[in-house]
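J.: Can you keep this structure in mind? I'll have questions shortly.
What follows is calculated from the coordinates using simple rules that are stated; it is not laboratory data. Just so it is clear, the structure is predicted and the values come from calculations on it, not from any experiment. Because the Cβ atoms are built from the backbone with ideal geometry, glycine has one as well, and the counts that use them run over all protein chains shown.
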Amino acid sequence: MSRVVLYGADISPPVRTCLLTLKALNIPFEYKFVDIVAREHFSEEFIKKNPQHTVPLLEDNGKYIWDSHAICSYLVDKYGQNDKLYPKDLYQRAIVNQRLYFDASILYMALRNVVLPMWRENSNFVPKDKIMNILECYNLTETFLENRQYIAGDSLTIADFGCLATVSSLNGIIELDKEKYPKTLEWIERLSKLPYYEEGNGKGLREYVAILKSRLTEFEM
Ligand code: GSF
């Protein structure tokens, strides 16, 4: 088995996506903590591995891959005992890919637009347009779950891991309304029963939400 290393930090939602995938696939890996709060991802050593200076970063036998969506699809294709988490059927894979891109381009960006000013300028403010953006994310997630158990259909895929890590983190900024988003809350509850949920998402999410709640104190309504 090749030596797989994941560079990251539990608080990072996309790192948690990779932790869930690695654990779901039972892949032995080394976890190298990168202190993003202390800006360790800007070190010369890290930049050499990932010029985009982001976590998660995967090292697999001396090869580097970053972006959680690229990492997780690679892990299933290379190490998966089967293709359940990332179906090879072209149409099913296209649906899973669409939900992965939904996470990367819609959900994650709604989160990044709030936390980047928080990390970089120590801002404690969340403007109305960013709140509306998060609510739009919740509306779409609820729609995708309307008559499905999982985000891309009726079986668990890596798209659930990505969307879960991001939506559960957004929930630390704007709480999911039980009346408006019942399917989404049921989906989060369902995924939280996975045997590797706590190590994969639970632990880091609590830490991340505590930071969000302590630092984001002004909401424009
Ligand atoms: C996002 C990675 C990212 O921006 C993915 O891996 O899915 N689409 C990518 N990660 C953040 C940390 S996080 O908690 O979101 C990061 O590394 N930011 C540091 C920087 O310099 O952008």
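J.: Binning every alpha carbon pair distance of the chain at 10 Å from zero, what are the percents per bin?
T.: The percentages, shortest bin first, are 8, 34, 37, 18, 3, 0.
J.: To continue, here is another question. Which number gives the lysine pairs in the stretch 1-114 that have C-alpha atoms under 17 Å apart and are eight or more places apart or on different chains?
T.: 10
J.: Also, I was wondering about something else. Taking the Cα centre of each part, how many Å lie between the stretch 1-50 and the stretch 182-220?
T.: 19
J.: For the chain, with only Lys/Arg (+1) and Asp/Glu (-1) charged at the beta-carbon, what is the dipole magnitude about the Cα centre, in debye rounded to 20?
T.: 280
J.: Once amide H atoms are placed 1.01 Å from N in the peptide plane, what residues at a sequence separation of 5 or more from residue 4, or on another chain, have their amide H within under 5 Å of its amide H?
T.: 30
J.: Report the residues of the stretch 134-174 in range of a label on residue 217: point 7 Å along Cα→C-beta, backbone N strictly under 20 Å from it.
T.: In the stretch 134-174, the label zone of residue 217 (backbone N under 20 Å from the point 7 Å along Cα→Cβ) covers 172-174.
J.: Next up: Ignoring everything except DSSP H segments at least 4 long, calculate the 222 nm mean residue ellipticity for the chain; use -39,500 (n - 2.57) per segment, divide by total residues, nearest 500.
T.: Details: 9 runs with 110 residues, N = 221.
Helix-only estimate at 222 nm: -15500 deg cm²/dmol.
J.: Test of understanding: express the Cα radius of gyration of the stretch 182-221 as a ratio to 2.2 N^0.38 Å, with N the residue count. The partial results should precede the final answer.
T.: Numbers: Rg = 13.2 Å, N = 40, 2.2 N^0.38 = 8.9 Å.
After normalising by residue count via 2.2 N^0.38 Å, the value is 1.47.
J.: Here's a follow-up. Along the stretch 148-158, what does the Karplus equation 6.51 cos²θ - 1.76 cosθ + 1.60 (θ = phi - 60°) give for ³J(HN,Hα), rounded to whole Hz, x for Gly and Pro?
T.: 9, 6, 10, 5, 10, x, 9, 9, 5, 9, 5
J.: Peptides 165-174, 184-193, 148-157: what's the order by average Cβ count within 10 Å, highest mean first?
T.: On the way: 165-174: 22.8, 184-193: 16.5, 148-157: 18.3.
My ranking of the peptides, most packed first, is 165-174, 148-157, 184-193.
J.: Toward the positive end of the charge dipole of the chain, about the Cα centre and with charges on Cβ (Lys, Arg +1; Asp, Glu -1), which of 27, 173, 53 goes farthest?
T.: Selected residue: 27.
J.: Moving on. With a bin width of 5 angstrom, please list the P(r) values of the stretch 1-109 as percents of all Cα-Cα pairs, from the 0 bin to the one holding the largest distance.
T.: The percentages, shortest bin first, are 2, 12, 22, 24, 19, 13, 5, 2, 0.
J.: Additional query: Mind jotting down the three principal axis lengths of the stretch 111-221 based on Cα atoms? Whole angstrom, largest first.
T.: So the extents along the principal axes, rounded to whole Å, are 41, 28, 21.
J.: Something else: Cut-off under 27 Å on the C-alpha distance; same-chain residues fewer than 8 positions from residue 178 excluded. Which lysines are left, in chain and number order?
T.: Partners found: 128, 130, 193, 203, 213.
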